[in-house]
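One structure is given below, encoded as structure tokens.
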Amino acid sequence: MSLLDLSPVVPVVVIDDADQAVPLAEALLRGGIGIVEVTLRTPAALEAIRRIAAEVPDTVVGAGTVTTPDHAEAAAKAGARFLVTPGSTDKVLDAATATGLPLLPGAATVTEAMRLAERGHTELKFFPAEAAGGVGYLKSIGGPLPGLRFCPTGGITPATAPAYLALPNVACIGGSWLTATLANGDYTEIERLAKEASALRP
């Protein structure tokens, strides 16, 4: 099964405190979501990935915001089970591919998507989704690029999520709203939002 088929919504999370990683993953799992993308935007990110990988094995933890070759290598060593890039340079793609992990490379234009397809990538991150054209853009490129599936991320809300998920070339979406209460440790709310999100697939 593809990573993109594990959940209609992939939680995209910024973790400032690694101690919150395991309770977060457990709350998402109770809500029916067994995948999480931890963005490499904070010093705590790699440790958070380590802890989720070691202590919540039923959750597929990945590293997002992979923007350098070092990011890819460090995330793999930390136990990440997939990598996500916001954009796609050759150096980052080469390093990510070398880890042997599943990769969701980022694209925002038709040319970028075609270049990634030439490299054998047919499942892509569309980022920043709302700013780059949103539902209308993805719908319009479905015809000329029928072999590609997307996980749009960036600015998507519970209100706009169903329109994305209704598109035939959208397999899932990335959402940061599920973990908005992480800072104050409200895991009950995270579980509730996860339950709602897991039921979003049309």
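The values are calculated or read from the model by the stated rules, or taken from the named source; none is laboratory data. From a predicted model like this one, the values you see are computed outputs, not experimental measurements. Here the Cβ positions follow ideal geometry from the backbone for every residue, glycine too, while neighbour counts run over all protein chains shown.
Within the stretch 141-153, no residue satisfies the criterion of being in a loop (DSSP other than H, G, I, E, B) and in contact (Cβ under 8 Å) with a residue 60 or more places away in the chain.
Quickly run through the stretch 151-189 and pick out the residues that are among the polar types (S, T, N, Q) and under 30 Å from Ser140 (Cβ atoms). Of everything in the stretch 151-189, those that are among the polar types (S, T, N, Q) and under 30 Å from Ser140 (Cβ atoms) turn out to be Thr153, Thr157, Thr160, Asn169, Ser176.
Note on the stretch 1-96: enclosed helices (runs of 4 or more DSSP H) holding 2 or more residues that are of a type in the set (A, V, I, L, M) and within 30 Å of Thr111 (Cβ to Cβ) are 69-78.
Considering Glu130, Glu73, which residue is closer than 30 Å to Ala159 by Cβ, at pLDDT 95 or above and of a type in the set (D, E, K, R)? Step through it out loud before you land on a result.
Values: Glu73 fails: closer than 30 Å to Ala159 by Cβ.
Just a single option satisfies the conditions, and that option is Glu130.
Of all residues in the stretch 112-140, how many are out of contact with any Pro (no Cβ under 9 Å at 6 or more places or on another chain) and either buried (at least 19 other Cβ atoms within 10 Å of the Cβ) or part of a loop (DSSP other than H, G, I, E, B) (or both)? The number of residues fulfilling the criteria is 5.
Which residue is farthest from Ala113 (Cα to Cα), if the candidates are limited to the stretch 154-188 and must be part of a helix (DSSP H, G or I) and of a type in the set (Val, Ile, Thr)? The qualifying residue farthest from Ala113 (Cα to Cα) is Thr188.
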